[in-house]
Each structure stands twice: as C-alpha cells, then as structure tokens.
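Chemist: My structure is below; once you've seen it, I'll send some questions.
The values are calculated or read from the model by the stated rules, or taken from the named source; none is laboratory data. Just so it is clear, the model here is predicted, and its values are computed rather than measured. Here Cβ is always computed from backbone atoms with ideal geometry, including for glycine, and neighbour counts include all displayed protein chains.
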Ligand SMILES: N[C@@H](CCC(=O)N[C@@H](CS)C(=O)NCC(=O)O)C(=O)O
C-alpha cells in the first residue's frame, strides 16, 4: 500500500497519524506541492482534484483523507479507532462532520494567512484572520461543551474523529492562535493530551 502525500499537508497528516496509532509505518511517496507535482497527469489519475493524499494498493485507488483513514482502521491490525457499537460510530461520524463543515473552514482561513502565507513571505490579512476566528470560535465553543462531558471528542474512546482535528490544531497553535485554544479549558485539556501522543508526534515528524 502506498500513500501519495506531503508531510506538511493537513490531510496527509490525518493519514500518517492513523498509521502511527495502529502501529504501522506508511510507504509515503512525497508529492512536492511547491513544484506542482499534485497537478501532474500521474497524480491526477490517482486524485482527480489534484490534491493529496491518495492511496494505492494493488492497483486499487482511494482518495479523500477521511475515507482513507476509515479504510486504514478497518484493514490494518492495531488498536481500533472506530467504536464497535452503532451509537459510538454515529457519534464519531457526527464529530468528523463537525470537523469538516464547522471547524475546518474557519481554521483554514486563519492557517492560510498566519502559517502558509508566512512561509511564502506574505503578510497576513488580518480581516481574513478575524473572519476565520469568528467561524472557528463557534465550533470551538460547541466542542468545549462536549469535552466537558468526555475525555475525547466522541466519548471515552480515542477515535478517528480526534485525529481529524489535530492537523488544524497544530497549525493554529503555530500561527499564534494558542490563546484561542488555551482559553477553552476542555479543548485545551484535550488538545494538550492529544498532541503529546507518540503517534501524533511521529505524524508531524518529531
Ligand atoms: N477533501 C480532501 C482535501 C485534500 C486537500 O485539500 N489537500 C490539500 C493539502 S492538505 C491539497 O492537496 N492542496 C493543494 C490543492 O488543492 O491544489 C481530503 O480530505 O483529502
């Protein structure tokens, strides 16, 4: 099984963290986004939107990071990252949807300005940062209330839902948004524990 991705990409990091939690090392083929390798015909054949990550196994291809991590949890040995009961699965799916629909759009508005833009030597557009923060805070407040009731985002088990949030939290922290996280006590407790997990540290190359 090969993963075509980039170690700095948020969506690739979800996949790398899943491999690490399961105790496996991925066969990562690095796609250089700066060189536009993700738009090459070879890569577009794997991922028709010209994005990373993409999985290839015995000629079978799969794209979309959240679909890939569900597949990995099913086929790889190691600790289960999907609950075994119907309500647990539904709760995990609820939070993965919140991550993609409510949390990530605001988070990425901030990250594009304060992290990726800075890497390119650009000055952050603070209006866009404020717009992103307003969206992000709505999601974080909902998460904070849920995390007052449980250790992990979807309950008492560490699941794919937790993993889905981590790449964005990592870049928010790096992009000076640490206070937005730290002032939400339950989010802060959860994020502090999650980022210290050896699997996450491995996923980010530490
Ligand atoms: N929904 C896709 C999103 C993939 C995505 O946005 N990947 C980014 C890197 S994290 C990318 O390839 N960006 C380059 C581009 O869109 O041209 C997934 O979850 O896999």
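Chemist: Among (1) within 16 Å of the ligand (Cβ to nearest atom); (2) over 23 Å from residue 197 (Cβ atoms); (3) surrounded by 14 or more Cβ atoms within 10 Å (Cβ to Cβ), which single condition is residue 129 missing?
Modeler: (1)
Chemist: Quickly run through the range 1-16 and pick out the residues that are farther than 16 Å from residue 199 by Cα and either surrounded by fewer than 22 Cβ atoms within 10 Å (Cβ to Cβ) or free of Cβ contacts under 8 Å to residues at least 12 places away in the same chain (or both).
Modeler: Listed by number, the residues that qualify are 1, 2, 6, 9.
Chemist: I'd like to check something: does the range 58-66 contain any residue that is more than 9 Å from the ligand (Cβ to nearest atom), in contact with a helix residue (DSSP H, G or I) (Cβ under 8 Å, 6 or more places away or on another chain) and modelled with pLDDT of 95 or more?
Modeler: yes
Chemist: Could you run through the range 59-108 and say how many residues are in contact (Cβ under 8 Å) with a residue 24 or more places away in the chain, farther than 23 Å from residue 147 by Cβ and part of a loop (DSSP other than H, G, I, E, B)?
Modeler: 3
Chemist: Which of the residues spanning the range 41-52 are surrounded by 13 or more Cβ atoms within 10 Å (Cβ to Cβ) and more than 7 Å from the ligand (Cβ to nearest atom)?
Modeler: Within the range 41-52, 43, 44, 46, 47 qualify.
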